[in-house]
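Undergrad: After the structure tokens below, expect a handful of questions from me.
The values are calculated or read from the model by the stated rules, or taken from the named source; none is laboratory data. Predicted model only: the values in this text are computed from it and were never measured. Cβ placement follows ideal geometry from the backbone for every residue including glycine, while neighbour counts extend to all protein chains displayed. Side chains included, ligands, DNA and RNA excluded: accessible areas come from the protein's heavy atoms. Shrake-Rupley method; radii C 1.70, N 1.55, O 1.52, S 1.80 Å.
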Amino acid sequence: MSDIDYNAFFEQKVSELKDEGRYRVFMTMERIVGKFPHAVWHTENGEEKDVTIWCSNDYLGMGHHPKVIKAVQDAAAHSGAGAGGTRNISGTTIYHTQVEESLKDLHNKEAALVFSSGYVANEGALSTLAKLLPGCIVFSDSLNHASMIHGIKSSRCAKYVYQHNDLEHLEKLLSEAPKDAPKVIAFESVYSMDGDIAPIEEICDIADKYNAMTYLDEVHAVGIYGPRGGGVAEERGLMDRIDIIEGTFGKAYGLMGGFITGKASVIDAIRSYASGFIFTTSLPPAVLAGALASIEHLKTSRLERERQKRNVAYMKELFEKAELPYMKGDSHIVPLVVGDAKCCKQVTDILINQFGLYVQPINYPTVPKGTERLRLTATAAHSIEDIERLTNVLEDMWRNTHMFAYASAA
């Protein structure tokens, strides 16, 4: 009989995370309509403190947009709160079909399919795609999201990981693969932890050369990039060269859920075989109605994108002047390198406790050890004054304390 003390074992595993400074602490936030990015922090001792959020993925503030809120309210009042089941068992509503039609139009594709989250969309689509193609080989960027890695592993197909955004390495791997094997290149447009953007056109050129399918994760780009919010591929005129575009409603669109778009035959095959889609309760009417309102609004409105672009540029300008150690990518995401897990947690604790500035530490395994960072996002809702205050506080910590010591030494 086993003499394992299960409780002690798991307590020890959690204790190890705490000792390394990697234990994740959830901050309880109360977002209030009309005040975003400002919110109320409910502390563990019962206090309520006003804070400014600097790590939100609601990049354009659409989670608080009047059109979106009204659509959510109207759908709940009209169709109720729940979905009623999986898509196959009474869970496909008129809201699903409307959103999927809108997504087809957004990406100029034949078909679209909505999932319960972006994670489930990646896992379901990639695992199914590679399973269905006999002898498939997937070529995956080394910084791809955990959901993409999960999907590729679940397929049990052959996988090669190419160095991040390294075209020479990607082509070398493809050139060494069997010519007659089905191939899929899986990559992201905006990499959310480094803030850089993939060379999409060049990857498409390589894919054409080796007859590989392209699978592009645009979760941090849809709504933000392109004249209608179609993503980086739309902005660069490359949507027609991407076989499958994956995205989310959980970031710039301000709600939750994921989706894929592509050729009707491919999307239908994934719909018919993906377990994560088939056996998951579908999104409720209110969420889908809100997503539809957000997608359609951002197809025509440039106001939110222009404000965000202005704010991101201003933040980077001030960080540059302050000589803060941020990663200089081309996207809207601004990672500020600290370089040590305990120090990173200490920095974020000081920011929220002393200055009311809320940002979560990003530690291993999300990023490699020694590259721990703050992942800062200036949204369309931040003011110029918000950005200046954040920069002033960070600059003071950088110059006058021992914070960021690891980043400085690096």
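Undergrad: Taking the stretch 241-250 on its own, how many of its residues are buried (at least 22 other Cβ atoms within 10 Å of the Cβ) and over 16 Å from the mean Cα position of the chain (by Cα)?
TA: 2
Undergrad: Sticking with this structure for a sec: With the requirement that a residue be in a helix (DSSP H, G or I), touching a Ser or Thr at 6+ places or on another chain (Cβ under 7 Å), among the β-branched types (Val, Ile, Thr) and open to solvent by 20 Å² or more (accessible area, probe 1.4 Å), what does the stretch 65-120 give you?
TA: The one that is in a helix (DSSP H, G or I), touching a Ser or Thr at 6+ places or on another chain (Cβ under 7 Å), among the β-branched types (Val, Ile, Thr) and open to solvent by 20 Å² or more (accessible area, probe 1.4 Å): 120.
Undergrad: Still on this model: Quick test of your reading of the structure: residue 366 fulfils all but one of (1) modelled with pLDDT under 95; (2) farther than 27 Å from residue 63 by Cα; (3) surrounded by fewer than 22 Cβ atoms within 10 Å (Cβ to Cβ). Name the failing condition by number.
TA: So residue 366 meets the others, but not (2).
Undergrad: Read through the list (1) in contact with a helix residue (DSSP H, G or I) (Cβ under 8 Å, 6 or more places away or on another chain); (2) under 26 Å from residue 198 (Cβ atoms); (3) surrounded by 19 or more Cβ atoms within 10 Å (Cβ to Cβ), then give the number of the only condition that residue 340 fails.
TA: (2)
Undergrad: Here is a further query. Counting just the residues of the stretch 302-319 that are buried (at least 16 other Cβ atoms within 10 Å of the Cβ) and without any contact (Cβ under 8 Å) to a residue 60 or more places away in the chain, which one comes out farthest from residue 88 (Cα to Cα)?
TA: Residue satisfying both the conditions and the ranking: 316.
Undergrad: Could you tell me whether the stretch 159-170 includes any residue that is of a type in the set (Lys, Arg) and closer than 19 Å to residue 265 by Cβ? First the steps, then the outcome.
TA: If we filter the stretch 159-170 for residues that are of a type in the set (Lys, Arg), which is where we start, we get 159.
With closer than 19 Å to residue 265 by Cβ added as a condition, the list becomes none.
No, that holds for no residue.
Undergrad: Can I ask one more? Mind listing whichever residues of the stretch 342-391 are among the aromatic types (Phe, Trp, Tyr) and within 14 Å of residue 53 (Cα to Cα)? Break it down stepwise before answering.
TA: Kept after step one, since they are among the aromatic types (Phe, Trp, Tyr), are these residues of the stretch 342-391: 355, 358, 364.
Those that are among the aromatic types (Phe, Trp, Tyr) and within 14 Å of residue 53 (Cα to Cα): 355, 358.
Undergrad: So which of 63, 80 is touching a residue at least 12 places away in the same chain (Cβ under 8 Å), closer than 29 Å to residue 226 by Cα and small (Gly, Ala, Ser)?
TA: Residue meeting the stated conditions: 63.
Undergrad: All but one of (1) open to solvent by 10 Å² or more (accessible area, probe 1.4 Å); (2) within 15 Å of residue 167 (Cα to Cα); (3) not aliphatic (A, V, I, L, M) hold for residue 204; which doesn't?
TA: Unmet condition: (1).
Undergrad: Within the stretch 47-63, can one find any residue that is surrounded by 14 or more Cβ atoms within 10 Å (Cβ to Cβ), among the polar types (S, T, N, Q) and part of a loop (DSSP other than H, G, I, E, B)?
TA: First, the residues of the stretch 47-63 that are surrounded by 14 or more Cβ atoms within 10 Å (Cβ to Cβ): 51-63.
If we keep only those that are among the polar types (S, T, N, Q) too, we end up with 52, 56-57.
From what is left, the residues that are part of a loop (DSSP other than H, G, I, E, B) are 56-57.
Within the stretch 47-63 (the criterion being surrounded by 14 or more Cβ atoms within 10 Å (Cβ to Cβ), among the polar types (S, T, N, Q) and part of a loop (DSSP other than H, G, I, E, B)), the answer is yes, since at least one residue qualifies.
Undergrad: Being touching a residue at least 12 places away in the same chain (Cβ under 8 Å), open to solvent by less than 90 Å² (accessible area, probe 1.4 Å) and either in contact with a Pro (Cβ under 6 Å, 6 or more places away or on another chain) or more than 21 Å from residue 353 (Cα to Cα) (or both) is the filter here; which residues of the stretch 1-46 pass it?
TA: Passing the criteria: 20, 34.
Undergrad: Also, I was wondering about something else. Going residue by residue through the stretch 2-24, is there one that turns out to be acidic (Asp, Glu), touching a strand residue (DSSP E or B) at 6+ places or on another chain (Cβ under 8 Å) and farther than 19 Å from residue 365 by Cβ?
TA: no
Undergrad: I want to confirm something. Restricting to the stretch 121-168 and keeping residues that are of a type in the set (Phe, Trp, Tyr) and out of contact with any His (no Cβ under 7 Å at 6 or more places or on another chain), which single residue is most open to solvent (accessible area, probe 1.4 Å)?
TA: Within the stretch 121-168, the match that is most open to solvent (accessible area, probe 1.4 Å) is 160.
Undergrad: Could you list, in sequence order, all residues of the stretch 212-240 that are under 24 Å from residue 149 (Cβ atoms) and open to solvent by 30 Å² or more (accessible area, probe 1.4 Å)?
TA: 213
Undergrad: Has the stretch 395-410 got at least one residue that is modelled with pLDDT of 95 or more and either of a type in the set (Val, Ile, Thr) or under 23 Å from the mean Cα position of the chain (by Cα) (or both)?
TA: No, there is no match, as no residue in the stretch 395-410 is modelled with pLDDT of 95 or more and either of a type in the set (Val, Ile, Thr) or under 23 Å from the mean Cα position of the chain (by Cα) (or both).
Undergrad: Among the numbered conditions (1) crowded, with 16+ Cβ neighbours inside 10 Å; (2) of a type outside the set (Ser, Thr, Tyr); (3) without any contact (Cβ under 8 Å) to a residue 40 or more places away in the chain, tell me where residue 329 comes up short.
TA: (3)
Undergrad: Just for the stretch 272-295: of the residues that are assigned to a helix (DSSP H, G or I) and among the β-branched types (Val, Ile, Thr), which one is nearest to residue 129 (Cα to Cα)?
TA: Across the stretch 272-295, the extreme among qualifying residues is 278.
The rows are residues; the columns are (1) over 26 Å from residue 235 (Cβ atoms); (2) open to solvent by 30 Å² or more (accessible area, probe 1.4 Å); (3) out of contact with any Leu (no Cβ under 6 Å at 6 or more places or on another chain).
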| residue | (1), (2), (3) |
| --- | --- |
| 254 | no, no, yes |
| 264 | no, yes, yes |
| 270 | no, no, yes |
| 278 | yes, yes, yes |
| 282 | yes, no, yes |
| 298 | no, no, yes |
| 321 | yes, yes, yes |
| 334 | no, no, no |
